[in-house]
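K.L.:
Quick one: the structure is below, questions incoming.
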Amino acid sequence: MRAQELPPQNAVLLSDTLRDAVMCCDDLTRLPLECARIAFQGLAFDSPMRRDARNLVREWVDYANEQTIPPENPFVVREHVTRFAGLQFGREARSENLLEVPIAGIRHKGKSFERILSSHVKTAIIRDPHVAVVGGAARLALKMHAGVDDISNELPLNDIDAVVSAATDVARKAERYGFDVTGAKIVDADGDEGMRSNIKRLMSSTDCTMNQACLYDNKLLFTEAALQDIKDGNIRLIAKYDPLFGTEGFELPEGTYLDRKGLYRGLSFLLRGKGERLIVSQENLDLETSEIGRYWLVMLLVKLLPIKSQKARYNAIGHWHEMALRLGATEAKDPMKFFGDVYRKYPDTAMTNLNDGEYDAGAQMRWIISKLTTRAAQELYGGVMPPTLPTTYTPANLELAPSFRPYDLRAFQAMVYAKTKARR
């Protein structure tokens, strides 16, 4: 079998070598051939892996030619690399039936959704045929449509998550509407049918049910599961599978068992008040006892500190520490001590919040291609090893505590920024 042909550590070495090649290659258009050359080294001439590597490169070349991918457009290339990975390594996605209602009819306590949205973004975005809006803005609209009484935790909107057709001028759209190009989903779609097809595809692979919502063509599109969990206040992560980035959960008969990345993504939603409870198992929580993980730091830097409302930021950080105490991940008496402990263990992760330069298309391309080559290397050497899953699922849904220990927000932020700036 291929997995036994070479020891598993060779897959790691090959992945590292390919990643180095991606970062060092001056000509991005030659990367597939350079990666193929590296993959062939050390393989016997008649090796099945050598044949598989050659076939994989041929399939990419054929795909690129059939799709006429313009190498000078990084947005189109990024979309097609992701799509190609799905064709090669993906699994069949479940099809989601999308419901829709006109945005004009969505109101909350006398205010229309469009009026509320206008305080955060140019509302022309919801009528732009080349752009759809997902994330917080769509979730806010769904909460208003569902009749959720308190929508304050969705406001103010920290950013706009966009799905943009590569057929348009993506950078210009980003400048007009104020969304971050690096976080936008660029899809190869031209026209209404292409956008709707891509939206349906994205809704089947989102992180949790409450995010299966989208604003497009002056309508709110959503799944029945999203509407129900929004009404119930449930944060329910989906066991989605991403061919480049893996999965965040695994479906067991009783519920979804989350991996650590999925658990902390769910926790970040809970700490920011996006729902009332996180649907999770005791088997998940048992793994966190006496284990300070880097995700506590990533969650703080990426999700909590950027919160615009000072009160909401104070509450989120206080609950961040309280939750770590409750799960047994720390014995620190306050957020400042907890941050110091995590920072000392994972100082490299503190760089996460400092990537504040302009969008670098070349860097984006290298990053996405390195993901593809790493995934290809794993497949050539026998695929990704399945995780060890528990045999039971014991419901242990998490809710925020009614209170937490008070702390000095300004002093905390000053310490965090001082340490992260010192790493630059």
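The values are calculated or read from the model by the stated rules, or taken from the named source; none is laboratory data. None of these values were measured; they are calculated from a predicted model. Counting neighbours? That spans all protein chains shown, and the Cβs are built from the backbone with ideal geometry, glycine included.
K.L.:
Taking the condition at pLDDT below 95, crowded, with 19+ Cβ neighbours inside 10 Å and in a helix (DSSP H, G or I), does residue 138 pass?
P.N.:
So residue 138 fails the test.
K.L.:
Then there's this: Out of 329, 324, 316, which single residue is surrounded by 19 or more Cβ atoms within 10 Å (Cβ to Cβ) and not in a helix (DSSP H, G or I)?
P.N.:
329
K.L.:
Anything in the stretch 140-176 that is within 23 Å of residue 192 (Cβ to Cβ) and in contact with a strand residue (DSSP E or B) (Cβ under 7 Å, 6 or more places away or on another chain)? List them, or say none.
P.N.:
Scanning the stretch 140-176 gives 141, 142, 145, 160, 161, 162, 163, 164, 165, 166, 170, 173.
K.L.:
Going by what's in this entry, would residue 267 be described as part of a helix (DSSP H, G or I), touching a strand residue (DSSP E or B) at 6+ places or on another chain (Cβ under 7 Å) and in contact (Cβ under 8 Å) with a residue 24 or more places away in the chain?
P.N.:
yes
The rows are residues; the columns are (1) surrounded by fewer than 21 Cβ atoms within 10 Å (Cβ to Cβ); (2) of a type in the set (A, V, I, L, M); (3) modelled with pLDDT under 85; (4) in contact with a strand residue (DSSP E or B) (Cβ under 6 Å, 6 or more places away or on another chain).
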{"site": "241", "(1), (2), (3), (4)": "yes, no, yes, yes"}
{"site": "258", "(1), (2), (3), (4)": "no, yes, no, yes"}
{"site": "275", "(1), (2), (3), (4)": "no, no, no, yes"}
{"site": "286", "(1), (2), (3), (4)": "yes, no, no, no"}
{"site": "303", "(1), (2), (3), (4)": "yes, no, no, no"}
{"site": "312", "(1), (2), (3), (4)": "yes, yes, no, no"}
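K.L.:
Of a type in the set (Asp, Glu), farther than 19 Å from residue 368 by Cβ and over 21 Å from the mean Cα position of the chain (by Cα): does that describe residue 114?
P.N.:
For residue 114, the condition - of a type in the set (Asp, Glu), farther than 19 Å from residue 368 by Cβ and over 21 Å from the mean Cα position of the chain (by Cα) - is met.
K.L.:
Would you confirm whether any residue within the stretch 154-167 is surrounded by fewer than 21 Cβ atoms within 10 Å (Cβ to Cβ) and hydroxyl-bearing (Ser, Thr, Tyr)?
P.N.:
Looking for residues that are surrounded by fewer than 21 Cβ atoms within 10 Å (Cβ to Cβ) and hydroxyl-bearing (Ser, Thr, Tyr), one finds none in the stretch 154-167, hence no.
K.L.:
Report every pair of residues separated by at least 6 positions or lying on different chains whose Cβ atoms are under 6 Å apart, first residue within the stretch 320-333 and free of Cβ contacts under 8 Å to residues at least 24 places away in the same chain, second part of a helix (DSSP H, G or I).
P.N.:
Pairs that qualify, where the first residue is free of Cβ contacts under 8 Å to residues at least 24 places away in the same chain and the partner is part of a helix (DSSP H, G or I), are 332/338; 332/341.
K.L.:
Here's a follow-up. Across the stretch 396-412, which residue is farthest from residue 274 (Cα to Cα) among those that are over 25 Å from the mean Cα position of the chain (by Cα) and not in a loop (DSSP other than H, G, I, E, B)?
P.N.:
Checked the stretch 396-412; the qualifying residue farthest from residue 274 (Cα to Cα) is 411.
K.L.:
In the stretch 180-218, which residue that is part of a loop (DSSP other than H, G, I, E, B) and in contact with a Lys or Arg (Cβ under 8 Å, 6 or more places away or on another chain) is nearest to residue 128 (Cα to Cα)?
P.N.:
Across the stretch 180-218, the extreme among qualifying residues is 217.
K.L.:
Here's another thing I want to ask about it. Within the stretch 362-382, identify whether any single residue is over 23 Å from the mean Cα position of the chain (by Cα), surrounded by 11 or more Cβ atoms within 10 Å (Cβ to Cβ), modelled with pLDDT of 85 or more and part of a loop (DSSP other than H, G, I, E, B), and answer yes or no.
P.N.:
No, the stretch 362-382 contains no residue that is over 23 Å from the mean Cα position of the chain (by Cα), surrounded by 11 or more Cβ atoms within 10 Å (Cβ to Cβ), modelled with pLDDT of 85 or more and part of a loop (DSSP other than H, G, I, E, B).
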